[in-house]
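Structure, as structure tokens:
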Amino acid sequence: MNILVVGAGYVGLVTAACLANKTNRVVCVDTDPKKLAKLASGQIPIYEPGLKEIVDAAVSNKYLTFELGIKAGLTKVESESTEPTLVFIAVGTPQGEDGSADLRYVLAAAREIGQQLTQPAIVINKSTVPVGTAESVKGEVAWQLFQRKCFIEFDVASNPEFLKEGAAIEDFFKPDRIVIGTDNENTKANMLKLYRPFVDDEKRLLTVGVKEAELIKYASNAMLATRISFMNEIANICDRYGIDVEDVRQGVGMDSRIGPAFLKAGCGYGGSCFPKDVQALVRIAQSVGVEPLVLNGVESRNKKQKQYLFEHIVAKMGKDLTGRKIAVWGLAFKPETDDMREASSIDLIRALCHAGAQVVAHDPVAKEVAEQVFADLIRNGRLTLVDHAMAATQDADALALVTEWAEYKTADLDALKQSLKAAIVFDGRNHLNPVVMKQHGFHYAGVGRV
Ligand code: NAD
């Protein structure tokens, strides 16, 4: 099939490469010339395991090409097409000032598609967008075609993306489900044809109405965020009673109605999706007069949880951290990604520096991103980023673990103890074994652990 993917970010690039890998002809476009220049020279602008290999394979087989902007992309893809072009919109939907999803990039993409389209197309929203956005996209494309006095057949479908950063390729090739939101039989047939090669069982292809698909994405992310916030609240109760939250988690998760996934307590969720999607769903609910009681609680708990490590560090070391050096392990919002959007590390490091501490931080892949996020703190000498985990802990008064990278779990504890000035470890992800840590003589504090 002939496909245009608009946006070469985490979702767009993965979608483009995976679809091209199944012998579809895919043109992926972006408006960022720097991103395009990197892709043209064989580099991948983001860190995502396995992505380079499939991009390289698809490019060398000529199934995947990159262009700057929608106009160039459509020109290329339409010239090769006899069937309707599938145009995926995979641009960002950041949080607007009032918490709702900012649709400016989606609608700008729709406008340009309407301005440039010359052949029948199915426009597919892959971006996470509020209920009713497919209607808005349809209106935008139709208005542009009307102004051009063109009659070109097109439809708009919703196909939300559920991939997880860090496991995006596997998720795309082995999805739990693919949600196709359409009320049009022809669109449905084309989407099923496109996605059948990605599922082992047709039952994984869920076709629903457009609005249902739009809400499924928000409801899914909000459900996962709810489980995390719920368990974080339980962890706080555990702290007060001296109960181990890991035992509680195990016992709760063994109930087949609940299941074990997404029940780990920690120092709050971050990333490009959960925080903004919970906020956006709050706005969606409010816009139709529903008071989002549960969702507000999920968000409040998460905001509070992001202060958890700082509060425990201060409780142990005092409010004034002037002259103290704190090591931080992990900057990305989760392992196997360099994405730092809404990462808990940001709240912690800013609070530590504000309290006078000197921070030395390490992350296996997010250093480059962190240099931008913390440019001010690096400039004024409060924060240093280092290339090796043990370089961060050298002479530090304590270590705070914020991202559960595998390499931290296997760290040499004797070397760690030797490098720290004081053997104090705050584990914001319950990543290390408290018994082993204590055996090695550390003062160890997890989240809701004894
Ligand atoms: P991103 O910011 O990494 O990428 C978006 C890209 O779109 C950028 O490179 C930007 O330059 C480009 N772009 C913007 N306007 C454009 C235009 N008119 N033409 C061409 N390119 C344009 O965003 P992302 O993380 O890939 O997320 C995209 C969408 O997918 C969001 O709605 C997000 O909520 C959703 N989503 C993200 C994830 C994730 O894990 N990142 C998972 C599922 C869904």
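Quick one: is P175 within 16 Å of the ligand (Cβ to nearest atom) and not polar (S, T, N, Q)?
So P175 fits the description; yes.
Please work out which one of (1) surrounded by 20 or more Cβ atoms within 10 Å (Cβ to Cβ); (2) over 17 Å from S272 (Cβ atoms); (3) more than 9 Å from the ligand (Cβ to nearest atom) is the condition E53 fails and give its number.
Here E53 clears every test but (1).
Can you tell me how many residues within the stretch 30-53 are modelled with pLDDT of 95 or more and either among the β-branched types (V, I, T) or in contact with a Ser or Thr (Cβ under 8 Å, 6 or more places away or on another chain) (or both)?
2
Could you please find all residues in the stretch 334-354 being β-branched (V, I, T) and within 11 Å of the chain's Cα centre (by Cα)?
Hit for the stretch 334-354 is T337, nothing else.
One line per residue, one yes/no per condition, for (1) crowded, with 17+ Cβ neighbours inside 10 Å; (2) of a type in the set (K, R):
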position: G69; (1), (2): no, no
position: L86; (1), (2): yes, no
position: I89; (1), (2): yes, no
position: A121; (1), (2): yes, no
position: K126; (1), (2): yes, yes
position: V129; (1), (2): yes, no
position: A134; (1), (2): yes, no
position: R148; (1), (2): no, yes
position: I152; (1), (2): no, no
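May I ask you to list pairs of residues, at least six apart or on different chains, whose Cβ atoms are under 6 Å apart, with the first in the stretch 85-105 being over 25 Å from N190 (Cβ atoms) and the second being polar (S, T, N, Q) and more than 8 Å from the ligand (Cβ to nearest atom)?
Close Cβ pairs satisfying both conditions: Q95/Q279; G99/Q279.
In this structure, is V436 within 21 Å of D247 (Cα to Cα), surrounded by fewer than 15 Cβ atoms within 10 Å (Cβ to Cβ) and out of contact with any Ser or Thr (no Cβ under 8 Å at 6 or more places or on another chain)?
yes
Yes/no per residue for (1) part of a strand (DSSP E or B); (2) away from the ligand (no atom under 13 Å from the Cβ); (3) of a type outside the set (A, V, I, L, M, F, W, C); (4) more than 18 Å from M191 (Cα to Cα):
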site: L4; (1), (2), (3), (4): yes, no, no, no
site: A8; (1), (2), (3), (4): no, no, no, yes
site: T15; (1), (2), (3), (4): no, no, yes, no
site: V26; (1), (2), (3), (4): yes, yes, no, no
site: E48; (1), (2), (3), (4): no, no, yes, yes
site: K76; (1), (2), (3), (4): no, yes, yes, yes
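Would you say F66 is more than 23 Å from A189 (Cβ to Cβ), of a type outside the set (K, R), in a helix (DSSP H, G or I) and without any contact (Cβ under 8 Å) to a residue 60 or more places away in the chain?
No; evaluated as a whole, the condition is false for this residue.
Which of the following residues is in a helix (DSSP H, G or I), within 24 Å of the chain's Cα centre (by Cα) and of a type outside the set (D, E, K, R): A20, A57?
A20
Name the residues in the stretch 179-224 that are outside any helix (DSSP H, G or I) and within 13 Å of the ligand (Cβ to nearest atom), would you?
V179
The values are calculated or read from the model by the stated rules, or taken from the named source; none is laboratory data. None of these values were measured; they are calculated from a predicted model. Don't worry about glycine lacking a Cβ; one is built from the backbone with ideal geometry, like all the others, and counts go over all protein chains shown.
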